[in-house]
Structure formats: C-alpha cells, structure tokens
C-alpha cells in the first residue's frame with residue numbers, strides 16, 4: 001500500500017543512505033591512509049578521492065533501488081533488508097573496482113580500502129536504518145505519519161487485517177472506521193462502525209481518512225466504482241486485498257484478454273527447477289545438521305529410556321506432497337498407549353470429553369493430559385522434532401513447508417488439499433513462526449496456502465532463521 005508517507009520515508013532513506021555511504025568512504029580512507037603505516041599502492045589526495053566517490057554514489061544508490069531497498073516490502077522486514085544491504089554493498093564495491101579498471105583512474109590508494117568500504121558501508125547503513133526504524137516507531141506512537149484507514153469488507157479476512165493493523169506503533173496504520181456487518185468488527189477495537197459503506201464514504205473528510213482498504217467486492221459494480229472513485233476524488237490511497245488466499249499467489253500474471261485485464265493464477269513456483277533447487281538445498285543443510293544433532297539424539301534417547309520406559313520414537317502416519325503417506329519420526333512425548341488414533345477418541349476414553357471442542361477447532365489442545373513429564377520438556381524445547389531431520393534426508397519432508405497433516409484432517413481442509421499438497425510438507429513452516437498461538441485450523445491452512453503459492457528461497461531462509469528464534473524464546477505456534 002503505497003501512500004504519501006511511504007514515498008516520503010523512501011526519499012529520506014535515499015538522502016541518508018547517500019550521506020552514510022559518503023561517510024563510509026571517508027572512514028575507509030582515514031583508516032588505511034592515515035592510521036596504517038604500510039606503503040600505499042598510489043598516493044591519492046583526499047579531495048580527488050572524495051570527488052571520484054561522489055560521482056560513484058548515485059550509481060550505488062541505483063543498485064540499492066534495484067534491489068528494492070526503498071520499497072516498504074523490504075524496509076518493513078528486517079532480515080530481508082539486512083541481506084539486501086549486504087548484497088548491495090558487495091555489488092557497490094565491485095562497481096568501485098570496475099570503475100577504476102574501466103576509467104583508468106586510480107581511486108583506490110590501497111586494496112584494503114575496498115574491503116574497508118564494504119565493511120563500513122554495510123555496518124553503517126544497517127545502524128542507520130535501525131535508528132530510522134526506531135524514530136519511525138516513536139513517531140507512530142505519537143500519531144505522526146500514521147495512515148488513517150477506512151476498512152471495507154464483510155469476510156473473516158477483514159477482521160484479521162483489522163487485528164493485525166491494530167498495533168499502530170508497529171504497522172503505521174490506524175483503523176479509524178470499518179464498513180460492513182457488525183460481526184466483522186473485532187470486539188477489542190474501538191473504531192467507528194458503518195453498516196453501509198455509503199455512509200462511511202460520506203464521512204471520509206470527517207474521519208480524516210488517508211487510506212481505504214477493501215477486502216471484498218460487492219455484487220454491484222456501481223458500488224465498487226463508488227468506493228474507488230471516492231479514494232480518487234479525495235486523493236487518498238486505495239488498496240484491494242482479496243479475501244480468498246488463492247489470489248495472493250506471487251506467480252500471478254496479468255494480461256489483456258479480449259480487451260479485459262486477465263489474472264492467471266499459477267499453482268506454485270515449486271515445480272520444475274524450483275523443486276530441484278529446493279531439494280538440493282534441503283539435502284545439503286540436513287546432512288550438515290545431522291552431523292551436529294546425532295550426539296544430541298543419543299543423549300535424549302538414553303534419558304528417554306531411563307525416565308520414560310517404552311518406545312523412544314513415535315512413528316506417525318502423515319500426508320505430504322500429492323497427499324502421499326509418509327512415516328513421520330519424532331521422539332515420543334505422550335504415554336505409549338496414546339497416539340495411535342484420533343485424539344478426540346483418546347480424550348473421550350480418558351473422561352476428558354471437555355477437551356474435544358478445543359481439539360476439533362485447533363487440532364491441538366493447550367494442556368494435553370496424554371503428554372508425559374519428560375515429553376513436556378521435549379515439546380517445550382522442540383527437541384521431539386529433531387529426528388525429522390532423517391525424514392528430510394530421505395526426501396519425505398522438506399526443511400520448510402506446510403505442516404504434514406493427519407489422514408483424518410483431509411476432510412477439514414475441504415477442497416484445498418490439492419493446492420496445499422502441491423508442495424512437500426516441512427519440519428517447520430510459516431504458521432509455526434507466525435507468532436500467533438491461537439490460530440484455528442482454517443487460519444493455519446490459509447497461511448500454508450500463502451507459502452505454497454509464494455515460495456522463494458528468501459522466504460525459506462527467513463522462516464529458518466525465525467524458527468531458531470522461536471525455539472530459543474519458546475514462543476510461536478506449538
């Protein structure tokens with residue numbers, strides 16, 4: 001959602017990045033020329049050095065722009081931003097070296113200057129952007145630069161977006177009004193509710209709305225056009241977010257067909273070379289991890305045999321890619337007599353039928369009475385999942401992917417099983433690191449559908465890093 005505030009922030013980033021890069025060049029020159037007694041390759045006056053780099057900086061900024069460092073989709077995601085800064089800094093240094101080679105002018109007094117520029121540029125720009133992120137959060141806290149939103153829709157997606165944007169300090173958005181049925185307005189939000197969208201549009205100036213977000217199209221084309229027209233006539237931002245997850249695919253293409261815009265929805269990027277590249281990545285990483293975790297597995301196995309007699313491992317039949325059955329390996333965390341059938345049957349036999357509604361809604365319960373004392377430790381630390389590394393090596397699982405579902409859960413996924421299982425299931429996935437513990441089964445399916453349709457290596461790497469943080473902090477989906 002690109003608005004005036006987003007464009008202004010991008011402009012600020014460009015200006016400060018330019019100054020920071022200039023500072024990095026100066027520091028690199030001083031560190032090598034002034035404080036390093038070793039002889040230089042060539043004596044370059046500070047003025048000539050700076051003049052050359054002032055000419056280079058605009059091209060370096062263009063490299064940053066090409067990498068998307070001035071887009072909200074990048075600077076709102078810390079890990080993605082840092083990785084692109086690293087890539088941009090490296091390419092920028094190659095640009096400096098190439099400039100010297102092509103122009104024939106000596107602009108590097110010593111080889112180490114290029115190394116110093118690379119290190120200084122990366123560190124200083126990361127620090128600069130973290131400071132700007134902090135300043136922006138403080139401004140949001142005091143209502144400065146915040147987008148005031150009118151949210152229009154009538155589906156669960158409308159409520160979900162309202163809840164996620166409610167933290168203004170983090171999101172930069174303030175939900176001012178919601179137009180739609182009363183049931184979609186989250187109880188915890190104190191916002192203006194409009195049963196009729198026409199009344200909400202009438203009060204755009206009264207509520208000082210700067211952004212309209214629509215999640216559902218009305219049956220009336222005139223009504224939809226009126227919403228878009230209101231945004232245009234008031235010169236405010238308008239975004240449409242389809243409530244159906246299938247339309248979020250990053251592989252969608254837009255073309256013109258018989259004079260109409262046509263959206264072609266592709267199932268998943270994980271076909272052909274994408275699937276091959278992901279398998280190679282999984283195999284290399286899992287083999288390295290196996291060497292590290294085998295000693296840990298042996299220790300857990302011994303403790304398990306002493307503290308909780310019975311089978312150390314639990315083999316669970318799950319469904320992975322193309323709904324093919326696999327044997328999922330985990331350390332047993334439940335009493336040995338449980339786990340062979342659906343949990344609702346176990347709860348009924350235990351006299352804990354009160355847990356069945358929670359299980360049927362979320363396919364899990366917060367305090368499962370079937371779990372042993374040592375099993376609780378294994379689950380809390382996620383150590384029970386370690387044996388799945390061998391499922392990855394075998395090819396049953398991927399490191400990252402949708403959760404492998406139980407055969408009896410197929411009917412709960414309705415008609416989305418085919419799309420969900422167009423990719424291989426994973427040890428970890430997007431819902432586990434979403435930071436939202438109270439997800440229903442349907443909400444988890446929505447997240448995993450998003451992953452299946454929008455897979456990239458960047459997304460996998462981000463999820464893997466987030467998984468480490470989630471495990472260490474004992475947070476996230478369980």
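Kindly check whether there is at least one residue in region 312-328 that is part of a helix (DSSP H, G or I) and either at pLDDT 90 or above or more than 17 Å from residue 403 (Cβ to Cβ) (or both).
First, pick out the residues of region 312-328 that are part of a helix (DSSP H, G or I): 321-323.
Restricting the remaining residues to those that are either at pLDDT 90 or above or more than 17 Å from residue 403 (Cβ to Cβ) (or both) gives none.
Checking region 312-328: not a single residue is part of a helix (DSSP H, G or I) and either at pLDDT 90 or above or more than 17 Å from residue 403 (Cβ to Cβ) (or both).
If I ask for residues that are under 18 Å from residue 317 (Cβ atoms), in a loop (DSSP other than H, G, I, E, B) and modelled with pLDDT of 80 or more, which ones from region 335-390 would you list?
The answer is 370, 387.
Would it be correct to say that residue 278 is surrounded by fewer than 12 Cβ atoms within 10 Å (Cβ to Cβ) and touching a strand residue (DSSP E or B) at 6+ places or on another chain (Cβ under 9 Å)?
On the way: surrounded by fewer than 12 Cβ atoms within 10 Å (Cβ to Cβ): no; touching a strand residue (DSSP E or B) at 6+ places or on another chain (Cβ under 9 Å): yes.
It is false that residue 278 is surrounded by fewer than 12 Cβ atoms within 10 Å (Cβ to Cβ) and touching a strand residue (DSSP E or B) at 6+ places or on another chain (Cβ under 9 Å).
Test of understanding: among 42, 20, 26, which residue is under 22 Å from residue 104 (Cα atoms) and touching a helix residue (DSSP H, G or I) at 6+ places or on another chain (Cβ under 8 Å)?
Values: 42 fails: touching a helix residue (DSSP H, G or I) at 6+ places or on another chain (Cβ under 8 Å); 20 fails: under 22 Å from residue 104 (Cα atoms).
Unique residue meeting the criteria: 26.
Hey, among the residues in region 333-371 that are under 31 Å from the mean Cα position of the chain (by Cα) and in contact (Cβ under 8 Å) with a residue 40 or more places away in the chain, which one's surrounded by the fewest Cβ atoms within 10 Å (Cβ to Cβ)?
So the residue we want is 361.
In the set 143, 153, which member is surrounded by 14 or more Cβ atoms within 10 Å (Cβ to Cβ) and either over 19 Å from residue 94 (Cα atoms) or in the same structural domain as residue 26 (by TED's automatic domain parsing) (or both)?
Working: 143 fails: surrounded by 14 or more Cβ atoms within 10 Å (Cβ to Cβ).
It is 153.
Can you confirm whether residue 54 is exposed (fewer than 14 other Cβ atoms within 10 Å of the Cβ), over 22 Å from residue 131 (Cα atoms) and in contact (Cβ under 8 Å) with a residue 24 or more places away in the chain?
yes
Yes/no matrix, rows are residues, columns are (1) in a helix (DSSP H, G or I); (2) surrounded by fewer than 20 Cβ atoms within 10 Å (Cβ to Cβ):
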residue	(1), (2)
69	no, no
98	yes, yes
105	no, yes
124	yes, yes
129	yes, no
163	yes, yes
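Going by the conditions given, is residue 317 in contact (Cβ under 8 Å) with a residue 24 or more places away in the chain and in contact with a helix residue (DSSP H, G or I) (Cβ under 6 Å, 6 or more places away or on another chain)? Even if it seems obvious, please write down each step before you answer.
Working: in contact (Cβ under 8 Å) with a residue 24 or more places away in the chain: yes; in contact with a helix residue (DSSP H, G or I) (Cβ under 6 Å, 6 or more places away or on another chain): no.
For residue 317, the condition - in contact (Cβ under 8 Å) with a residue 24 or more places away in the chain and in contact with a helix residue (DSSP H, G or I) (Cβ under 6 Å, 6 or more places away or on another chain) - is not met.
Count, please, the residues in region 147-159 that happen to be touching a helix residue (DSSP H, G or I) at 6+ places or on another chain (Cβ under 8 Å) and at pLDDT 85 or above. Steps first, please.
From region 147-159, those touching a helix residue (DSSP H, G or I) at 6+ places or on another chain (Cβ under 8 Å) are 147, 149-156, 158-159; that's our starting set.
Those still in the list that are at pLDDT 85 or above too: 147, 149-154, 158-159.
Residues meeting the conditions: 9.
I'm trying to understand the selection: among the residues of region 107-118, which are more than 16 Å from residue 64 (Cα to Cα), surrounded by 16 or more Cβ atoms within 10 Å (Cβ to Cβ) and within 35 Å of the chain's Cα centre (by Cα)? Step through it out loud before you land on a result.
Restricting attention to region 107-118, the residues satisfying the condition of being more than 16 Å from residue 64 (Cα to Cα) are 107-116.
From the residues that got through so far, the ones that are surrounded by 16 or more Cβ atoms within 10 Å (Cβ to Cβ) too are 107-110, 112-114, 116.
Matches in region 107-118: 114, 116.
Kindly list the number of the only condition in (1) within 17 Å of residue 314 (Cβ to Cβ); (2) outside any helix (DSSP H, G or I) that fails for residue 399.
Of (1) within 17 Å of residue 314 (Cβ to Cβ); (2) outside any helix (DSSP H, G or I), only one is false for residue 399: (1).
What's the number of the condition residue 167 fails, among (1) in contact (Cβ under 8 Å) with a residue 12 or more places away in the chain; (2) under 22 Å from residue 434 (Cα atoms)?
Answer for residue 167: the failing condition is (1).
Evaluate region 166-178: report whether one residue or more is at pLDDT 85 or above, over 22 Å from residue 235 (Cα atoms), under 26 Å from the mean Cα position of the chain (by Cα) and crowded, with 20+ Cβ neighbours inside 10 Å.
Among the residues of region 166-178, not one is at pLDDT 85 or above, over 22 Å from residue 235 (Cα atoms), under 26 Å from the mean Cα position of the chain (by Cα) and crowded, with 20+ Cβ neighbours inside 10 Å, which makes the answer no.
Have a look at 55, 69, 108, 22 and point out the one that is within 30 Å of residue 467 (Cβ to Cβ) and not assigned by TED's automatic domain parsing to the domain that holds residue 459.
Values: 55 fails: within 30 Å of residue 467 (Cβ to Cβ); 108 fails: within 30 Å of residue 467 (Cβ to Cβ); 22 fails: within 30 Å of residue 467 (Cβ to Cβ).
Being within 30 Å of residue 467 (Cβ to Cβ) and not assigned by TED's automatic domain parsing to the domain that holds residue 459 holds for just one of 55, 69, 108, 22, which is 69.
Residues 79, 112, 138: which one is touching a helix residue (DSSP H, G or I) at 6+ places or on another chain (Cβ under 9 Å) and more than 30 Å from residue 434 (Cβ to Cβ)? Before the answer, list the steps.
On the way: 79 fails: more than 30 Å from residue 434 (Cβ to Cβ); 138 fails: more than 30 Å from residue 434 (Cβ to Cβ).
Step by step, each of 79, 112, 138 is checked, and only 112 is touching a helix residue (DSSP H, G or I) at 6+ places or on another chain (Cβ under 9 Å) and more than 30 Å from residue 434 (Cβ to Cβ).
Whether any residue in region 37-54 is modelled with pLDDT of 85 or more and over 20 Å from residue 463 (Cα atoms) is what I want to check.
Of region 37-54, the ones modelled with pLDDT of 85 or more are 54.
When the remaining residues are screened for being over 20 Å from residue 463 (Cα atoms), the result is 54.
There is at least one residue in region 37-54 that is modelled with pLDDT of 85 or more and over 20 Å from residue 463 (Cα atoms).
The values are calculated or read from the model by the stated rules, or taken from the named source; none is laboratory data. These numbers come from a predicted model, not from an experiment. Glycine also receives a Cβ, built like all others from the backbone with ideal geometry; neighbour counts cover every protein chain displayed.
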